[in-house]
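The values are calculated or read from the model by the stated rules, or taken from the named source; none is laboratory data. Quantities reported herein were computed from a predicted structural model and do not represent experimental measurements. Glycine gets a Cβ as well: all are built from the backbone with ideal geometry, and neighbour counts include every protein chain shown.
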Amino acid sequence: MSTPSGAQAGTPPASGAGANIRAIPARHPGRWVATAFVLFVATLFVIGVATNKRLGWSVVRQYFTSSSILHGVLETIALTALAMVIGIILGILIAVMRLSPVPIVSAGSWVYIFFFRGTPVLVQLLFWFNIGSLVGGQPAIGIPFTHIVLFHLNVNTYISAFTAAVLGFGLNEAAYMAEIVRAGILSVGEGQTEAAQSIGMTRVQTMRHVVLPQAMRVIIPPTGNETISMLKLTSVASVIATPELLNVSERISERTFQIIPLLVVASIWYLIMTSVLTAGQFYVERHYARGALRTLPPTPIQRFRGLLTRNVIRVRPVPPPFFPQRREHN
Amino acid sequence: MNGAVPMVKAESVRKSYGKFEALRGIDIEVPRGSVVVIVGASGSGKSTFLRCINHLEKIDGGRLWIDGQLVGYEQKGTKLFERRDRDIARHRAEIGVVFQHFNLFLNMTALENVMVGPVHVKREKKESARGRAVEALKRVGLSDKANSYPAQLSGGQQQRVAIARALGMQPKLMLFDEPTSALDPELVKDVLDAMKDLARGGMTMIVVTHEMGFARQVADRVVFMESGKILEVQPPQLFFDKPQSERTRSFLGKILTH
């Protein structure tokens, strides 16, 4: 390296000499090697996918928007939505029970979480699907140890494969949502509750106006993750013959022996649905990060614009309100 | 109002946490409109006593009245029965509390912090509540910060919003639990000024603090606590210049030398 002042390394330079010295960043040959390797593997992959006839792209195209596949997609969406609704509502209830000062109530919630988190969801699905063999075809609902019967339930009518899947996924999800909601409630400091009580709020008012709005910031992001996981998890219901996306794909391939192309059809649909949810989650999380972050991460559109204009990513300075939609307190 | 009934009266108030006795028989009367400053080493029970006054901590024995009414309990015969959540909340609404760590509601602006009590607890009309909230913020010198969130305010500003929030409920008694202990030194003055202003306005105040200058200037009486008991109650002049007990003298010696 040439040093303009001619000073030897390690000797203190003459004053003023520093003005001409430039800093050279270190070179990273390893990064070039890694880049070449990744490009190589990617090329192999693309060539393999493009030239492998067994992927049967024409078959994929043929079935991609066929009515039975579209019905399967709708069934998957319905299953995901219903299971998440049950999971969230029941999960909030179980979380509140878990935080109850009454020992038996809190223990009940603990046992629920222990059971549903501790057994595989596939096993739970099979239990629901075979509930008829567990309780008999027409179990009586009444008061135990008496002869009082309120009504008979016709299990075989009510528990279809779809209902079994909704119940199985929903009740299982409730156990996970309960822990997420509990973590959210516990994340709000005790000082907030004390301050609310000291201005005369009741417990319910404190929960509604102070604790839950702040807990949402912690609850929302993992709930988005859970929804995306649920969407993929519903494929497990194909085992009990719920006509969701994977199940209808399998039925078509059993008829046509086109196994791989129909798996590709299902995979592309799953990717489309998870992409939509992921994008939704990005914006929801960004919304709830307001007030907690000084500048928000740029949206993909802002990032793209930034690339066009300059290499610097500019983010609109955010007016820092915590919940901008709720300026007025209701 | 009856001037003879003290604002706060404590009669051998006791409080334990497991085996640890935090309060071992507190007796004191705080007359209406007076300022009492409680000093003492940490762990002496002064914050615990303050929190008992609005039932944030439940007392285990003795009796505690505010404005002639028992705090948190109802007496029937020789027994005290704890009141319902709703009744306790109604009593608390009449007592303002300012905490060491401010405890402003983080999801609300300064103005909303001051409004939320009047609107939801006192069921006031939003417009009148807003008007009074603006007034309360003006009184603590923060009119320009009405729309700021707590995270955007300095510690001193947050604490003054907390004072405004308490004042917004038009309390008959204000409790301050080490209101300046978490503040940078140069921010303390603004908060103390707001408190002095309140005292001049005739508010009944109980203040736990280490600010001896404030105690000397503003207090009507200074209370010295030690291991869950009141050792000494004096007007500030006597307390600082002629402390009675040996323990008080050594406490003052330690904190006034630097």
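Just a yes or no: is a residue in the stretch B:44-67 in contact with a Pro (Cβ under 9 Å, 6 or more places away or on another chain), part of a strand (DSSP E or B), touching a residue at least 24 places away in the same chain (Cβ under 8 Å) and within 25 Å of B:HIS210 (Cβ to Cβ)?
Looking for residues that are in contact with a Pro (Cβ under 9 Å, 6 or more places away or on another chain), part of a strand (DSSP E or B), touching a residue at least 24 places away in the same chain (Cβ under 8 Å) and within 25 Å of B:HIS210 (Cβ to Cβ), one finds none in the stretch B:44-67, hence no.
Please determine whether any residue of the stretch B:80-96 is more than 14 Å from every other protein chain (Cβ to nearest Cβ) and under 15 Å from the mean Cα position of the chain (by Cα).
no
In a loop (DSSP other than H, G, I, E, B), modelled with pLDDT under 95 and away from chain B (no Cβ under 14 Å): is that true of A:PRO319 in this structure?
Values: in a loop (DSSP other than H, G, I, E, B): yes; modelled with pLDDT under 95: yes; away from chain B (no Cβ under 14 Å): no.
For A:PRO319, the condition - in a loop (DSSP other than H, G, I, E, B), modelled with pLDDT under 95 and away from chain B (no Cβ under 14 Å) - is not met.
Since A:MET273 meets every condition but one in (1) within 30 Å of A:ARG182 (Cβ to Cβ); (2) assigned by TED's automatic domain parsing to the domain that holds A:TYR176, which condition does it not meet?
(2)
Consider A:THR119 against the criteria (1) modelled with pLDDT of 90 or more; (2) more than 23 Å from A:SER235 (Cα to Cα); (3) not charged (D, E, K, R): it satisfies all of them except one. Which criterion is unmet?
(2)
If you scan the stretch B:171-210, which residues turn out to be within 22 Å of B:GLU29 (Cα to Cα) and more than 13 Å from the chain's Cα centre (by Cα)?
B:LYS196, B:ARG200, B:GLY201, B:GLY202, B:HIS210
Before we move on, is A:ARG251 surrounded by fewer than 17 Cβ atoms within 10 Å (Cβ to Cβ) and free of Cβ contacts under 8 Å to residues at least 24 places away in the same chain? Walk me through how you get there before you give the answer.
Values: surrounded by fewer than 17 Cβ atoms within 10 Å (Cβ to Cβ): yes; free of Cβ contacts under 8 Å to residues at least 24 places away in the same chain: no.
No.
Which is more than 11 Å from chain A (Cβ to nearest Cβ), surrounded by 20 or more Cβ atoms within 10 Å (Cβ to Cβ), outside any loop (DSSP other than H, G, I, E, B) and among the basic types (Lys, Arg), of B:ARG130, B:ARG160?
Working: B:ARG130 fails: more than 11 Å from chain A (Cβ to nearest Cβ).
Being more than 11 Å from chain A (Cβ to nearest Cβ), surrounded by 20 or more Cβ atoms within 10 Å (Cβ to Cβ), outside any loop (DSSP other than H, G, I, E, B) and among the basic types (Lys, Arg) holds for just one of B:ARG130, B:ARG160, which is B:ARG160.
Filter the stretch A:209-222 down to residues that are at the interface with another protein chain (Cβ under 9 Å from one of its Cβ atoms) and either buried (at least 19 other Cβ atoms within 10 Å of the Cβ) or at pLDDT 90 or above (or both), then give me how many there are.
Total meeting the criteria: 4.
Tell me which of these B:THR48 doesn't satisfy, since it passes every other one: (1) out of contact with any Asp or Glu (no Cβ under 8 Å at 6 or more places or on another chain); (2) buried (at least 17 other Cβ atoms within 10 Å of the Cβ).
(1)
Here is a list: A:VAL211, A:VAL276, A:VAL236. Which entry is in contact (Cβ under 8 Å) with a residue 40 or more places away in the chain, in a helix (DSSP H, G or I) and not hydroxyl-bearing (Ser, Thr, Tyr)?
Of the residues listed, the single one that is in contact (Cβ under 8 Å) with a residue 40 or more places away in the chain, in a helix (DSSP H, G or I) and not hydroxyl-bearing (Ser, Thr, Tyr) is A:VAL236.
Might you let me know whether the stretch B:195-211 holds any residue that is farther than 23 Å from B:ILE66 by Cβ, in contact with a helix residue (DSSP H, G or I) (Cβ under 9 Å, 6 or more places away or on another chain), among the aliphatic types (A, V, I, L, M) and touching a residue at least 24 places away in the same chain (Cβ under 8 Å)?
no
Of all residues in the stretch B:97-125, how many are at the interface with chain A (Cβ under 8 Å from one of its Cβ atoms), over 20 Å from A:VAL204 (Cα atoms) and without any contact (Cβ under 8 Å) to a residue 60 or more places away in the chain?
Of the residues in that region, 1 qualify.
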